[in-house]
Every structure is written in C-alpha cells, then in structure tokens.
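Some notes on the structure that comes next.
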C-alpha cells in the first residue's frame, strides 16, 4: 500500500508502494514501488519506475523515468512544448515530446530538462543546468547554453 498524505491529489493514476507527501498532485501517471514524491511536487502524464525520488517543488510532465533516479528540488522536467509559427506560439496547442531519464540519473536542484530529450543511465545534471540536447550515459552536464559543458563522468571524478 502507498503512503499518501491527506493533502495530496491523485487523479486517474496508478501508485505502487510509494510515499506521497504534502500537496503533491499526480495526474494520468504511473508511480512505481519505492518512489518518494516530496512536498508540492506535480507529476503528469509520466511513468516513474521503482525507487525514484522527486524532491520538493518539482514539476514533471510527459516523462519516462527509469529506476533509481533522483530529481532535486525545484526542477522542471517538461516534455511539452508549443509550435512556433510566424505569428508566434500556438496558444493552448500543446505538442508532446516525451523525456526519458535513464536508470540512476541524477538531476540537480533547479535544473531544467527540455522536451523530447533522453538523458543516459548514470548521467548527472548539475544544479541549475539546462539540458537542450540528448546526453549519453555516464556524463555530467554543467551550466546552460551557450557555455554549457558535457564531460564524461569518470573524467570529471578524476580531476
């Protein structure tokens, strides 16, 4: 049985043996066993495999999140965009582009992962980084475009 706080709202979703804290919203999602969703998190149209931690204030929509992933507080992992036309963005016309976070990935506090991207297994997105392109496994993403760097994780650790 999941542990769901009385203030949480779960709509049209399957929740395994997970811990759902205060003021969490879950819509049209699957939450696996061992997941922990912290205060004021919102999960929509996503699937979280087992043992995923999503920290406070984070918004996740249209994402496939592998096992053992950690997402820090105040992150945006949003697989939704809008068509850009000559006259601007299409109002209220969402375009869904699924995000995939591989097993064991770590997304640091305040990071943004853009729509349609794949983050490889064991990859670290440093706090405050912005991801705009696919990132292979075992990498670390530092900073935001245009000065962002992506470095093999083993090289970073050997410094």
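Rule-based calculations on the coordinates, nothing more; no lab input. This structure is a prediction, so every number in the text was calculated from the model and none was measured. A quick note on method: Cβ atoms are made from the backbone with ideal geometry, for glycine too, and the neighbour counts reach across all protein chains shown.
Below are the figures for this structure:
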| read-out | value |
| --- | --- |
| The chain shape via C-alpha gyration tensor axes, a/c threshold 1.5 | oblate |
| Within the chain, percent of DSSP bridges classed antiparallel, to nearest 5 | 20 percent |
| log₁₀ of I(q)/I(0) at q = 0.23, 0.26 Å⁻¹ - segment 1-83, Debye sum with one point per alpha carbon | -1.04, -1.38 |
| Span from the segment 59-117 Cα centroid across to the segment 143-159 one, whole angstrom | 21 Å |
| Exposure proxy order (Cβ contacts within 10 Å, fewest to most) of 59, 38 | 59, 38 |
| GNM flexibility winner over the chain from 58, 130, 81 (Cα, springs under 10 Å) | 81 |
| Computed over segment 1-66: relative contact order in percent, which uses C-alpha pairs under 8 Å that are six or more apart | 25 percent |
| Gaussian network model of the chain, Cα within-10 Å springs - most flexible of 12, 51, 33 | 12 |
| Where labels lie 7 Å past Cα in the beta-carbon direction, separation of residue 14 and residue 59 in nm | 2.8 nm |
| Computed over the chain: relative contact order in percent, which uses C-alpha pairs under 8 Å that are six or more apart | 12 percent |
| Normalised contact order of segment 53-94, rounded percent, pairs of Cα under 8 Å and 6 or more residues apart | 36 percent |
| Separation of the residue 121 and residue 45 label points, Cα + 7 Å toward Cβ, nm | 2.9 nm |
| Longest to shortest principal axis, alpha-carbon extents of segment 79-137, angstrom | 40, 19, 16 |
| For 86, 22, 49, order by how many other beta-carbon atoms lie within 10 Å, fewest first | 86, 22, 49 |
| Residue 6 paired with residue 86, simple spin-label distance in nm, labels 7 Å along Cα-to-beta-carbon | 5.8 nm |
